[in-house]
Amino acid sequence: MTTKEEWIAKDLKYVWHPDTQMKQYEGADFKPTLIERGEGIYLYDIDGNKYIDGVSSWWVNTLGHSNPKLNNILTQQAQKIEHVLLADFTHIPAIELAEKLVNLAGSPFSKVFYSDDGSTAVEVALKMAYQYWYQKGKPEKKYFVSMTDSYHGDTLGSVSVGGIDIYKKIFNPLVFETLKVCAPYCYRCPKNKECGKCNIECIDEVEALFKSRSSEIAAMIVEPLVQGAAGMRMYPPLYLSKLRALCDEYDILLIDDEVAMAFGRTGKYFAFEHANIKPDIFCVAKGITAGYIPLAATITTDKIYNAFYDDFSTLKTFYHGHSFTGNPVACAVAVENLKIMEEEKIIDSLQPKIEKLKQCLKKFKELQHVGDVRQTGMIGAVEMVRNKSTKEPYDFVERIGHKVFKEALKNGALLRPIGNVIYFMPPLIIKEEEIEKLTKIAYNAIKTVTEMN
Ligand code: PLP
């Protein structure tokens, strides 16, 4: 029988892990954790140790691992049809899912374009917006506006509208030019305002840019309410409503990248609901299949769709299609996911959990090296700093977050950090007592690591 050590040795021989400096595994003390199975909020390694999946395996899992209902649908659908192309052919799961998504999002949304993951959903949105203006006779509207420290995926189009150096800097010569506005990062407010006591002055910069260059701007793309990969940086819904008004005023499309936030993370199905707005185009992925299989969708309105609708000869077709567009197994799982969310009233069940998370987060503020504690719905984040009063951050290369992650892992929680930020984004089915357990492990790990360094 192959031992755990042999599997790990083979892993390191053949697998190049994502977002990972592989040299870190050279020593004997730290190796990838070999997961054998999952159940509910827990992951089990090959030795039977269990870990609370505190980050929903990169923000995808919503209804728990190895959910019996989803397992059942997945196998049933695979036995009927595992895949068929979606051009000139269709299938019931794709139709049902599109109808459900449009109904959930509400008017004026009317059309669903499938793809495979968050990055491709964003690529689709960008190309759709660009081609929309081209076909409306305004090809000069070709720039995209995005926020500093934004993240929209790892493909080159999505990297173009991204703003985080580690993902972008090297590729700057390859990506297309975009326009950047300062992100509303409330802990380190760009306008030096106190969090919660401002009039969203940071949006003035957006207005000034729109005013001077609206004739060249196709769209603004945002991560709604939370800049995830930047370190769960949060901003108020009012920013989004103001942005919607500005986009209307200056005839600029609003692309809402809900890849990380949709399907309950913020306490509602979609983050845009908090701001009472509707974007022109929005992207979903991750939680669409409850984290089971890759699937994504870019959802839009008749206003956009009609600009592509014409005789074949006018060449207005949207020529974009991935091999696995609208995969039947993925769509069937997504339909079942939405059915479970509705039947089991998952969104309604979140309020006491959100409240519990809020209570549990309070304690972190006492810690000597915790600068900011923030929460949006089912997402909690703790930003560690070297110096609390000056907000001096830890150096990136110190990997303080990673040290906390390793400590928490020893105690049964998967809390993979973003730089100096430890965050909680557990499956939505987590129980209140499990939130307590998860945050306690994190608290102790942060205390141990930061007060030792
Ligand atoms: N957009 C946002 C806001 C994300 O957080 C992510 C991934 O974390 C993506 C896009 C890219 O999604 P994927 O990793 O599925 O390509």
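The values are calculated or read from the model by the stated rules, or taken from the named source; none is laboratory data. Just so we're clear, the structure is a prediction, and the values are computed from it rather than from any experiment. Positions of Cβ are backbone-derived with ideal geometry, glycine not excepted, and every protein chain shown enters the neighbour counts.
Structure data summary
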quantity: Some residue of region 291-310 being in a loop (DSSP other than H, G, I, E, B) and without any contact (Cβ under 8 Å) to a residue 40 or more places away in the chain; calculated: yes
quantity: Given (1) more than 15 Å from the ligand (Cβ to nearest atom); (2) out of contact with any Pro (no Cβ under 9 Å at 6 or more places or on another chain), number of the condition ILE164 does not satisfy; calculated: (1)
quantity: Among (1) in contact (Cβ under 8 Å) with a residue 24 or more places away in the chain; (2) part of a loop (DSSP other than H, G, I, E, B); (3) more than 13 Å from the ligand (Cβ to nearest atom) - the single one GLY137 does not satisfy; calculated: (1)
quantity: Qualifying residue in region 52-73 (condition: of a type in the set (Val, Ile, Thr), surrounded by 12 or more Cβ atoms within 10 Å (Cβ to Cβ) and free of Cβ contacts under 8 Å to residues at least 24 places away in the same chain); calculated: no
quantity: Among the candidates ILE435, ILE354, residue that is buried (at least 21 other Cβ atoms within 10 Å of the Cβ) and out of contact with any His (no Cβ under 8 Å at 6 or more places or on another chain); calculated: ILE435
quantity: Options PHE324, PHE272; residue that is within 16 Å of the ligand (Cβ to nearest atom), surrounded by fewer than 24 Cβ atoms within 10 Å (Cβ to Cβ) and at negative phi; calculated: PHE324
quantity: Qualifying residue in region 99-116 (condition: of a type in the set (Ser, Thr, Tyr), modelled with pLDDT of 95 or more, within 16 Å of the ligand (Cβ to nearest atom) and not in a loop (DSSP other than H, G, I, E, B)); calculated: yes
quantity: Out of LEU240, LEU254, sole residue that is in a helix (DSSP H, G or I), within 16 Å of the ligand (Cβ to nearest atom) and of a type in the set (A, V, I, L, M); calculated: LEU240
quantity: Selection count where residues are surrounded by fewer than 20 Cβ atoms within 10 Å (Cβ to Cβ) and away from the ligand (no atom under 16 Å from the Cβ), scope region 278-300; calculated: 1
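So that you can scan it fast, the table gives a plain yes or no per residue for (1) in contact with a helix residue (DSSP H, G or I) (Cβ under 7 Å, 6 or more places away or on another chain); (2) closer than 30 Å to LYS80 by Cα; (3) not in a strand (DSSP E or B):
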{"site": "ASN337", "(1), (2), (3)": "yes, yes, yes"}
{"site": "LEU350", "(1), (2), (3)": "no, no, yes"}
{"site": "LYS365", "(1), (2), (3)": "no, no, yes"}
{"site": "VAL382", "(1), (2), (3)": "yes, no, no"}
